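Working notes, structure below.
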Amino acid sequence: GSHPFFLFLPLEYSGFRGIFPALILQNARAHTMMKWVVGRFRPPPGITWEKRGMDMRITDLSFMQGYIRMATDGANMGWHERNGGNLSYRMRPEDVDTARKFFDKEPRPWVPLGVEAPTMGGAYFLVTGAGNYMRNVATDPSRNIGIVELSAAGDAYRIVWGLDDGGRPTSEFPTHVMNHAVRAEATDGACRVIYHAHPTNIIALSYLLPLDARTFTRVLWKAMTECVVVFPAGVGVVPWMVPGGADIARATSEQMKTFDAVVWASHGLFVSGADFDATFGLLHTIEKAADIYGRARAMNGGSGEFLNTITDEGLRQIGREFNVKINEAMLDFPAASATDN
Ligand code: 2HA
Ligand code: ZN
């Protein structure tokens, strides 16, 4: 049977004031019948069925809206050519509660994940489908994204909503799950979003710089003043690897123990965050810093030796003023003693 629901119906137009909360219906037939009954009230223009809480769609849920907006924004930024990039959201228990009535009556079969993430056992993820285009998520959500449930052992998944017509989660799903496990642990459970994109400038930079975290972090921190506040731990780097498998998943999650952002050489970027805004903003900031560095170098005749830069002491000063703990291993000189202030 279906779930009971409450109908909160403003009755201004029938002479009542306030809210009428008393209709509790038990099944789809009663739902249809009540739509007919309530329809007799002739709602004023602008009061849709959705606004009355009837015929609510899964895409009306706020986590869905946040996901869809981010996918669209990323596509509009040019970070998702063709089927490039993918996005996953680890659902809160309350998200699962509100979404559950939309789940398939019969979940699809379990599929091995290829890696194991025991701490993620039983979690639900909203995730991009393999081969699907980010730019199509908004226009056709149930075909391009899906909700998957992880097995109790965290080593298999099954689709419970979406990915219509035989779709499956992104090829990078193993990396997403392992990163969720590592970042959830690193942030006391705060991290909920993992995002992979192909932003132009950070990829270009991976052809110029030595592929180590310290070099990339210093270049990006010094390219734009607020970078060190946005990613005070720095960025990790994974050398070129074949994408989509368990090896790159393990290599990335190893870096994610220290960093909330990891560059994939000649490929793109993986970032993590507590919500859609923080995660999108992190990738945007890193990509913009890479853009500025590349332009400054081009303006400088190709050289990375600039007339002006932000000093290491300047970075430390920002850390003190903004009260963020900067990863000292990325800085050149021993931290100034308290008496130097
Ligand atoms: O989703 O970006 O790395 C396609 C990819 C794989
Ligand atoms: Zn990719």
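The values are calculated or read from the model by the stated rules, or taken from the named source; none is laboratory data. Source: prediction; values computed, not measured. Using ideal geometry, Cβ is built from the backbone for each residue, glycine included, and neighbour counts are taken over all protein chains shown.
Can Glu94 be described as part of a loop (DSSP other than H, G, I, E, B), at pLDDT 95 or above, of a type outside the set (A, V, I, L, M, F, W, C) and over 16 Å from the mean Cα position of the chain (by Cα)?
Values: part of a loop (DSSP other than H, G, I, E, B): no; at pLDDT 95 or above: yes; of a type outside the set (A, V, I, L, M, F, W, C): yes; over 16 Å from the mean Cα position of the chain (by Cα): yes.
Answer is no for this residue.
Quick check: is even one residue across the range 220-240 over 29 Å from Ile310 (Cα atoms) and at pLDDT 95 or above? Yes; the residues of the range 220-240 include at least one that is over 29 Å from Ile310 (Cα atoms) and at pLDDT 95 or above. Selection of the range 239-268 for residues being aliphatic (A, V, I, L, M) and buried (at least 23 other Cβ atoms within 10 Å of the Cβ) yields Ala249, Met256, Ala261, Val262, Val263. When both residues are 6+ apart or on different chains and their Cβ atoms are under 7 Å apart, which pairs have a first residue that lies in the range 113-140 and is within 28 Å of Ala153 (Cα to Cα), and a second that is exposed (fewer than 15 other Cβ atoms within 10 Å of the Cβ) and among the hydrophobic types (A, V, I, L, M, F, W, C)? Going by the 7 Å Cβ cut-off, the qualifying pairs are Gly114/Ala246; Val115/Ala246; Glu116/Ala153; Pro118/Ala153; Gly121/Ala152; Gly121/Ala153; Gly122/Ala152.
Residues of the range 178-204 being within 16 Å of ligand 2 (Cβ to nearest atom) and in contact with a helix residue (DSSP H, G or I) (Cβ under 7 Å, 6 or more places away or on another chain), which ones? Explain how you work it out, then say what you get.
Residues of the range 178-204 that are within 16 Å of ligand 2 (Cβ to nearest atom), as a first pass: 178-179, 194-204.
Within the range 178-204, Met178, Asn179, Ile194, Tyr195, Ala197, Pro199, Asn201, Ile202, Ala204 meet the criteria.
Take Tyr124 and decide whether it is closer than 23 Å to Val263 by Cβ, within 15 Å of the chain's Cα centre (by Cα) and away from ligand 2 (no atom under 16 Å from the Cβ). Outline the logic, then answer.
Numbers: closer than 23 Å to Val263 by Cβ: no; within 15 Å of the chain's Cα centre (by Cα): yes; away from ligand 2 (no atom under 16 Å from the Cβ): yes.
No: the conditions fail for Tyr124.
Give Leu126, Leu113 a once-over and let me know the one that is closer than 19 Å to Asp60 by Cβ and either of a type outside the set (A, V, I, L, M) or in contact with a strand residue (DSSP E or B) (Cβ under 7 Å, 6 or more places away or on another chain) (or both). Spell out how you get there, then give the answer.
Values: Leu113 fails: closer than 19 Å to Asp60 by Cβ.
Among Leu126, Leu113, only Leu126 is closer than 19 Å to Asp60 by Cβ and either of a type outside the set (A, V, I, L, M) or in contact with a strand residue (DSSP E or B) (Cβ under 7 Å, 6 or more places away or on another chain) (or both).
Sub-6 Å Cβ pairs linking a first residue in the range 54-71 that is over 19 Å from Lys35 (Cβ atoms) to a second residue that is modelled with pLDDT of 95 or more and part of a loop (DSSP other than H, G, I, E, B), at least 6 apart or interchain, are Ile68/Val137; Ile68/Ala138; Ala71/Val137, ordered by first then second residue. Applying the set (1) of a type in the set (D, E, K, R); (2) under 24 Å from Gly84 (Cα atoms); (3) away from ligand 2 (no atom under 16 Å from the Cβ) to Glu172 leaves exactly one unmet item: (3). Counting only residues that are surrounded by fewer than 17 Cβ atoms within 10 Å (Cβ to Cβ) and charged (D, E, K, R), which one in the range 138-154 is farthest from Leu61 (Cα to Cα)? Checked the range 138-154; the qualifying residue farthest from Leu61 (Cα to Cα) is Arg143. Within the range 127-153, the set of residues being of a type in the set (Ser, Thr, Tyr) and within 16 Å of the chain's Cα centre (by Cα) comprises Thr128, Tyr133.
So, of the residues in the range 242-283 that are among the hydrophobic types (A, V, I, L, M, F, W, C) and without any contact (Cβ under 8 Å) to a residue 24 or more places away in the chain, which turns out to be farthest from ligand 1 (Cβ to nearest atom)? The residue in question is Ala251. Being more than 16 Å from ligand 2 (Cβ to nearest atom) and assigned to a strand (DSSP E or B) is the filter here, so list the residues in the range 127-150 that pass it. Result: Ile145, Gly146, Ile147, Val148, Glu149, Leu150.
Within the range 168-198, the set of residues being buried (at least 24 other Cβ atoms within 10 Å of the Cβ), within 12 Å of ligand 1 (Cβ to nearest atom) and over 27 Å from Asp291 (Cβ atoms) comprises Pro169, Phe173, Pro174.
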